[in-house]
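K.L.:
Structure in structure tokens, see below.
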Amino acid sequence: MKTNFRKDKDESSTHENETHSEQKDLTQEEFEEYIAKSGAKGSFMVYRSSKKDEELGLDEL
Amino acid sequence: MSNNLPSTKELQKSIEDIMKKKQYENFNEWITNFALNLPSIWNDRSAKELTPTTEQYGKHSAIVIGRGPSINKYEHLKLLAASDYNGTIVCCDGKLADALKAGVTPDRFPRYFVTTIDPYPTIKKHYEHEIIGSYGSKIKGIFTIITNPLVVERARQFGIQIHWLHSLFDYNEGMKSFNNLSALMIRAKNNTHRLPGIQTGGNVGTASWFISWQILKCTTIALIGINHGWEEDDPWETIIYHNNKEEISEGIDRNSPTFNKLFRKIYNPDFNCNCILDPLFQFYSEALKEFIVRSPEWVTTINATEGGSIFGDRVNSMKFKDFLKKYCS
């Protein structure tokens, strides 16, 4: 099967480490650049509120 | 200035802030959409009317159908069409035509809903296939009030009966928030005409999960095609352009130094497979997993996608055929 990534021999033990080590190097600017280039249309925002229950939705407005 | 992001939580907040800023670039478009939809909203139904009465409450299941890559890989629609499942179908707009073509129709599954959350005119393409015309009158649409009117018109032409809701995004800002002002305008002619407000989680898949339990009161929700990530063998072009090349994306240079950081590979232990997360899917995935953990105790979430990035606390993973075996009665 064609794959886009090299498969690790011991996948279950290596992926978690890979994820965390790379994540530390990410910056806001890199994310922002990606979002700018990807357009981010087809997406929406996550609703946040100081009233945490509201974040799960409201029966009616 | 380059700020390293030390934790998943901070990273997620950062992404959410960036997404919010990006989304607000389209604020005027949302308001225009709402203004043009308002006369229809006054006359159409509230999604709240889809909530069963207390007497009708009971154990009901729903299947949320998304368009993530594993749904085709494992032929989930074919499995569903051939099953005796008698629960609720909540289909994301982008997969509606495929679902109908595969035999997942309201004739087979009478409790059938389609959801539209994105406010952009490109969503119209999801309602253009003629097969929707054969079943539209039997499908209930659950649409955000900021849906592009061209999308609304097209869905309506096919007979879909639209039920409206609010996409929450600024209600926390009080009386002058758009969420509050739009609610006041909707109630201007009839104060009892109130719509539910939902957390979208940033995409129609997560919104459909919310709709399934918050509005439709389904106690068990199975996810198919909700990968929130790519398969390893998905074409690179699809991954880099977030499957939107023709419309919206400049894509990312594979030779750029940040490439491997942006497109992370993670391991899904529940299905023993890898998944590729781009930043958008990371944003979606973290939010959905958070909300699954925070959902009421009576909600059971089953990931039957057989891949993707949704696993962890309160996510019960099982193959879709096993879900169907368990929940077909």
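The values are calculated or read from the model by the stated rules, or taken from the named source; none is laboratory data. The model shown is predicted, which means the values in this text are computed figures rather than measured ones. Quick reminder, even Gly has a Cβ in these numbers, built from the backbone with ideal geometry, and neighbours come from all protein chains shown.
K.L.:
Identify all residues within the stretch B:180-230 that are part of a strand (DSSP E or B), at pLDDT 95 or above and of a type outside the set (Ser, Thr, Tyr); write none if there are none. Show your work before the answer.
P.N.:
Step one: filter the stretch B:180-230 for residues part of a strand (DSSP E or B), giving B:197-198, B:220-224, B:230.
Within this subset, residues satisfying the condition of being at pLDDT 95 or above are B:197-198, B:220-224.
Answer for the stretch B:180-230, where residues must be part of a strand (DSSP E or B), at pLDDT 95 or above and of a type outside the set (Ser, Thr, Tyr): B:Gly197, B:Ile198, B:Ile221, B:Ala222, B:Leu223, B:Ile224.
K.L.:
Restricting to the stretch A:4-61, name every residue that is acidic (Asp, Glu), within 20 Å of B:Trp230 (Cβ to Cβ) and at pLDDT 65 or above.
P.N.:
Result: A:Glu30, A:Glu33.
K.L.:
Something else about it: Looking only at the stretch B:261-276, filter to residues that are touching a residue at least 12 places away in the same chain (Cβ under 8 Å) and out of contact with any Phe, Trp or Tyr (no Cβ under 6 Å at 6 or more places or on another chain); which one of those is farthest from the other protein chains (Cβ to nearest Cβ)?
P.N.:
Of everything passing the filter in the stretch B:261-276, B:Phe271 is farthest from the other protein chains (Cβ to nearest Cβ).
K.L.:
To continue, here is another question. Take B:Glu49 and decide whether it is loosely packed, with under 15 Cβ neighbours inside 10 Å, among the acidic types (Asp, Glu) and within 14 Å of chain A (Cβ to nearest Cβ).
P.N.:
The answer is yes for B:Glu49.
K.L.:
Out of the stretch B:152-169, which residues are in contact with an Asp or Glu (Cβ under 8 Å, 6 or more places away or on another chain) and free of Cβ contacts under 8 Å to residues at least 40 places away in the same chain?
P.N.:
Matches in the stretch B:152-169: B:Arg154, B:Leu168.
K.L.:
Given the structure, is B:Lys101 touching a residue at least 12 places away in the same chain (Cβ under 8 Å) and in contact with a Leu (Cβ under 8 Å, 6 or more places away or on another chain)? Break it down stepwise before answering.
P.N.:
Values: touching a residue at least 12 places away in the same chain (Cβ under 8 Å): yes; in contact with a Leu (Cβ under 8 Å, 6 or more places away or on another chain): no.
So B:Lys101 does not fit the description; no.
K.L.:
Return only the number of the condition from (1) in a helix (DSSP H, G or I); (2) modelled with pLDDT of 85 or more; (3) surrounded by 15 or more Cβ atoms within 10 Å (Cβ to Cβ) that B:Pro39 does not satisfy.
P.N.:
That leaves (3) as the condition not met.
K.L.:
Got a sec? Which of B:Lys73, B:Lys59, B:Lys78 is surrounded by fewer than 21 Cβ atoms within 10 Å (Cβ to Cβ) and touching a strand residue (DSSP E or B) at 6+ places or on another chain (Cβ under 8 Å)?
P.N.:
Details: B:Lys73 fails: touching a strand residue (DSSP E or B) at 6+ places or on another chain (Cβ under 8 Å); B:Lys78 fails: touching a strand residue (DSSP E or B) at 6+ places or on another chain (Cβ under 8 Å).
Just one listed residue meets the conditions, B:Lys59.
To keep it simple, each residue is scored yes or no on (1) closer than 30 Å to B:Ser83 by Cα; (2) assigned to a strand (DSSP E or B); (3) of a type in the set (Val, Ile, Thr).
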residue	(1), (2), (3)
B:Phe271	yes, no, no
B:Phe283	no, no, no
B:Ile302	yes, yes, yes
B:Glu306	yes, no, no
B:Asp313	yes, no, no
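K.L.:
May I pose another question? Report every pair of residues separated by at least 6 positions or lying on different chains whose Cβ atoms are under 9 Å apart, first residue within the stretch B:202-222 and more than 12 Å from A:Leu56 (Cβ to Cβ), second part of a helix (DSSP H, G or I) and among the acidic types (Asp, Glu).
P.N.:
Hits for this filter: B:Gly202/B:Glu16; B:Val204/B:Asp93.
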